[in-house]
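*Asks:* One structure, pasted below without further comment.
FYI, it's all coordinate maths here, none of it is from the lab. All figures in this text were calculated on a predicted structure; none of them were measured in a lab. Neighbour counts run over all protein chains shown; Cβ positions are idealised from the backbone, glycine included.
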Amino acid sequence: LRECFWPISVFLVHPFTIFVLIRKSPMSIDCKSAFVVHHIVLMCFDYYNGALYQMYTMAPIPVFICTGLMCHGAAEGTSILTGLSILTISLCFPYLFIMLRMHQKMLFQGSPLKVNKNTQVFILLLLTATLISNIFGFYRWTVDIPEKEEILNKEDLIWARNYSSNFLVLGKSIGDIGPFTNELILLAISILINFTFYVSITYHAVYKLGRQMTHVQSKTHELQLRFIYSLTIQAILTACFFITPLALLFVALVIDLSIIIPDGLFAFSRFLFLMLFSTCSFSHSAVFLSKNPWFKQHVKRRVLRSQVTPNPTNMAATTIAFDGYSRARSIFPGSSSY
């Protein structure tokens, strides 16, 4: 599935979205630049996740399998997973910047929440520090256990050696992930801080400022609010497609749920996790395009043209009927049209 998805995403969906962003979006240069960077990182993420890494988790067993192009060499599982964390965290920077800038632009003069650019930079640096700390956490606490070969030779995992030779074994048994627990705690704190900030300013921009703007007839404010709606939907999809599956995966690694959850459900949840994790970036582009005025007008024109274009079968039938009618008039001179 990922091998089919990433070329479509990298070579078609994201480049087209970037084109619409640059050429067909009435957006300020700072937000437009950040959005373009965001989609470039999305392209890198899809290529890394879909072609180079191709992670497969054996949850609730604390084992990760690497089946991508990078997995057949001497690359370590720790380094490869850390690379994925770098791209994942890099996706957050442009979003935080865009949301903060749009929120500040929508605020009216004199608002107590309106701050200068230095304060905005300070806020972004604090949020960025919490995110970057996870990169060091992944590199420091993602380690193979000494009993790695013994674990991989067990009956539950021996079959996986037919698909890859690159494994990351975090613990001996279900619920045991060793030092990686520290990274999960750090990651949970980072998600709580950053997502709470994002949700707070989104709520304020949509519900508080949006209601005030209903009394202000401004094309700029209308475009800003529409853009905020788009970012809000993308944040919801990120929570559904990315954060929630990731949180459930980590819960399954830390807590032994095999007692209450059958093995068949675990197998399905692994497939569902990979599908949601891999298609999150596609949903971002789909939401942006669905909210873009130029794209919507272009699609409507295409649909209208397809409806207006005459059916060749009907045209042929009309032509035959007209020819027959003309012949009848030539045979009967007295006949006339209405």
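*Asks:* Kirkwood hydrodynamic radius for region 253-313: how many Å is it when counted over pairs of different Cα atoms?
*Replies:* Kirkwood hydrodynamic radius for region 253-313: 16.0 Å.
*Asks:* Suppose the Debye formula is applied to equal point scatterers at every Cα of region 82-161; what is log10 I(q)/I(0) at q = 0.15 Å⁻¹?
*Replies:* -0.70
*Asks:* Rounded to the nearest 500, what is the chain's calculated 222 nm mean residue ellipticity when only DSSP H runs of at least 4 contribute -39500 (n - 2.57) each, over all residues?
*Replies:* Working: 14 runs with 220 residues, N = 338.
Calculated at 222 nm, the ellipticity per residue is -21500 deg cm²/dmol.
*Asks:* Another question about this same structure. With no solvent and one point per C-alpha, what does the Debye sum give as log10 I(q)/I(0) for region 83-237 at q = 0.21 Å⁻¹?
*Replies:* After summing over all Cα pairs, the log10 values are -1.30.
*Asks:* When the chain is treated as a GNM, springs tying every alpha-carbon pair under 10 Å, which of M55, M275, M43 comes out with the largest mean-square fluctuation?
*Replies:* Top of the fluctuation ranking is M275.
*Asks:* Another question, if that's okay. At 0.36 nm per residue, and after removing the present C-alpha to C-alpha distance, how many nm does the segment from E76 to I132 gain when stretched out fully? Each step should come with its number before you reach the end.
*Replies:* Working: separation 56, 0.36 × 56 = 20.16 nm, distance 2.10 nm.
In short, 18.1 nm is gained.
*Asks:* If you don't mind, another one. How about the chain: what cysteines have no other cysteine beta carbon under 4.7 Å from their own?
*Replies:* Flagged as lacking a Cys partner: C4, C31, C44, C92, C240, C280.
*Asks:* R226 to S111: FRET efficiency via 1/(1 + (r/R0)^6), r the Cβ-Cβ distance, R0 25 Å, to the nearest 0.05?
*Replies:* About 0.75, to the nearest 0.05.
*Asks:* Among the listed pairs K32/K105; K24/K300; K24/K291; K24/K296; K24/K114; K32/K114, which are separated by more than 18 Å between their Cα atoms?
*Replies:* Violating the 18 Å Cα-Cα cut-off are K24/K114; K32/K114.
*Asks:* Based on the Cα gyration tensor of the chain, what are the three equivalent ellipsoid semi-axes, each the root of five times an eigenvalue, rounded to whole Å and given largest first?
*Replies:* 49, 33, 16
*Asks:* Only Cα pairs within less than 10 Å get springs; with that Gaussian network setup on the chain, which residue of Y163, Y48, Y203 has the largest fluctuation?
*Replies:* Maximum among the listed residues: Y163.
*Asks:* What distance in nm lies between label points placed 7 Å from Cα along the C-beta direction at Q120 and K32?
*Replies:* 1.7
*Asks:* Starting at the first residue of region 19-27, write each ³J(HN,Hα) from the Karplus equation 6.51 cos²θ - 1.76 cosθ + 1.60 with θ = phi - 60°, in whole Hz, x for Gly and Pro.
*Replies:* Result, ordered by residue: 4, 5, 4, 6, 9, 10, 10, x, 10 Hz.
*Asks:* Now for a separate question. Take the Cα coordinates of region 1-149, assign each an equal point scatterer, and use the Debye formula without solvent to give log10 I(q)/I(0) at q = 0.11, 0.12, 0.19, 0.21 Å⁻¹.
*Replies:* So the normalised log intensities are -0.58, -0.67, -1.18, -1.30.
*Asks:* With contacts defined as alpha carbon pairs under 8 Å and 6 or more residues apart, what's the relative contact order of the chain in percent? Don't skip to the end; give the middle numbers.
*Replies:* Working: 311 pairs, mean separation 71.1, N = 338.
Relative contact order for the chain comes out at 21 percent.
*Asks:* Given that compact globular proteins tend to follow 2.2 N^0.38 Å, what is the ratio of the alpha-carbon Rg of region 33-104 to that value?
*Replies:* Taking N as the residue count of region 33-104, the ratio is 1.35.
*Asks:* Counting other C-beta atoms within 10 Å, and keeping those with at most 15, which DSSP coil GluC sites (Glu not before Pro) do you find in region 115-208?
*Replies:* In loop regions of region 115-208 (DSSP not H, G, I, E or B), the sparsely surrounded GluC sites (Glu not before Pro) are E147, E155.
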